[in-house]
Amino acid sequence: MRRAVVLVALTVVFSGVLEAQSKAPSRVPPKSTSPAVTATPALPTAWRNARWGMTAAEVLAAFPGEAAQLPVAVNYSDKYRGLVGIEGYQIANVAYAVRFLFDRQERLALINITPAPRDSSTLTFNSLAQLLTEKYGQPLTNHEEKTRVSDSREKTWKTPEALIDLDYVNIRSIDRTNLVLQYRPSVSAGTDKL
């Protein structure tokens, strides 16, 4: 009997505690009425650690110990400025200068990779073309033109994020040779549906 009285007393005490807790203010914070914060989508890949739309500071941070601020900004037409570069970047035992070009909003828009003038040859062009074909498959375009004055070759590869142009020009009349490997943004996803 004594046990029954203790059980009834405990039941009354616990039910009173539970009832008091249910009436007490909730300790769970109320749901926020502010809009949900969404993560910024990752910028599309440009070349190695570079992403299209990066600032010069972000490009420098993406290539620690390699990239450096150029001592003088280099204008490439009225649309692009070279602000950051990598000197002596090695591809197949040839040293290249890498230039990160930024648009008017100072966002990464192009990447130019050029060898020293002495290495701007058809041999270097063919070597790069082979490496790019191994990495990206057959080029989207392939154009060669020889005239009395000049010799030019152009190949283009396409990835979802970039167009990769390899251009070689030799103007014999002035003994001028130029070889450029250029990465530029691919067509935006929205217009790919057209």
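The values are calculated or read from the model by the stated rules, or taken from the named source; none is laboratory data. Owing to the predicted nature of the structure, the values given are computational and were not obtained by experimental measurement. Here the Cβ is made from the backbone with ideal geometry for all residues, glycine too, and neighbour counts use every protein chain on show. To get the accessible areas, we keep the full protein, side chains included, count just its heavy atoms, and leave off ligands, DNA and RNA. Shrake-Rupley method; radii C 1.70, N 1.55, O 1.52, S 1.80 Å.
Please verify whether region 76-97 includes one or more residues that are touching a Lys or Arg at 6+ places or on another chain (Cβ under 7 Å), within 17 Å of Gln182 (Cβ to Cβ) and among the hydrophobic types (A, V, I, L, M, F, W, C). No; the residues of region 76-97 include none that is touching a Lys or Arg at 6+ places or on another chain (Cβ under 7 Å), within 17 Å of Gln182 (Cβ to Cβ) and among the hydrophobic types (A, V, I, L, M, F, W, C).
Scanning region 46-57 for residues that are touching a residue at least 24 places away in the same chain (Cβ under 8 Å), out of contact with any Pro (no Cβ under 7 Å at 6 or more places or on another chain) and either more than 13 Å from Arg99 (Cα to Cα) or of a type in the set (D, E, K, R) (or both) gives Gly53, Met54, Thr55.
Taking first residues from region 142-164 that are farther than 13 Å from Leu132 by Cα and free of Cβ contacts under 8 Å to residues at least 24 places away in the same chain and partners that are surrounded by fewer than 16 Cβ atoms within 10 Å (Cβ to Cβ) and hydrophobic (A, V, I, L, M, F, W, C), the Cβ contacts under 7 Å between residues at least 6 apart in sequence or on separate chains come to Ser150/Ile171. Of all residues in region 136-157, those being more than 19 Å from Asn178 (Cα to Cα) and either touching a Cys at 6+ places or on another chain (Cβ under 8 Å) or hydrophobic (A, V, I, L, M, F, W, C) (or both) number 2. Of the residues making up region 175-189, at least one is touching a Leu at 6+ places or on another chain (Cβ under 6 Å), at pLDDT 95 or above and closer than 18 Å to Gly53 by Cα.
In summary, Lys31 fulfils each of the numbered conditions (1) surrounded by 15 or more Cβ atoms within 10 Å (Cβ to Cβ); (2) at pLDDT below 95; (3) more than 23 Å from Leu166 (Cβ to Cβ) with the single exception of condition (1). Is it true that some residue in region 84-93 is open to solvent by 70 Å² or more (accessible area, probe 1.4 Å), under 29 Å from Ala129 (Cβ atoms) and at pLDDT 95 or above? Looking through region 84-93, at least one residue is open to solvent by 70 Å² or more (accessible area, probe 1.4 Å), under 29 Å from Ala129 (Cβ atoms) and at pLDDT 95 or above.
Inclusion of Arg118 among residues that are surrounded by fewer than 20 Cβ atoms within 10 Å (Cβ to Cβ), over 16 Å from the mean Cα position of the chain (by Cα), among the basic types (Lys, Arg) and assigned to a helix (DSSP H, G or I) is warranted. Of the residues making up region 99-123, those that are free of Cβ contacts under 8 Å to residues at least 40 places away in the same chain, aliphatic (A, V, I, L, M) and farther than 13 Å from Trp52 by Cβ are Ala116, Leu123. Where strands (runs of 3 or more DSSP E) fall wholly inside region 122-177, the ranges with 3 or more residues that are among the aliphatic types (A, V, I, L, M) and open to solvent by less than 70 Å² (accessible area, probe 1.4 Å) are 162-171.
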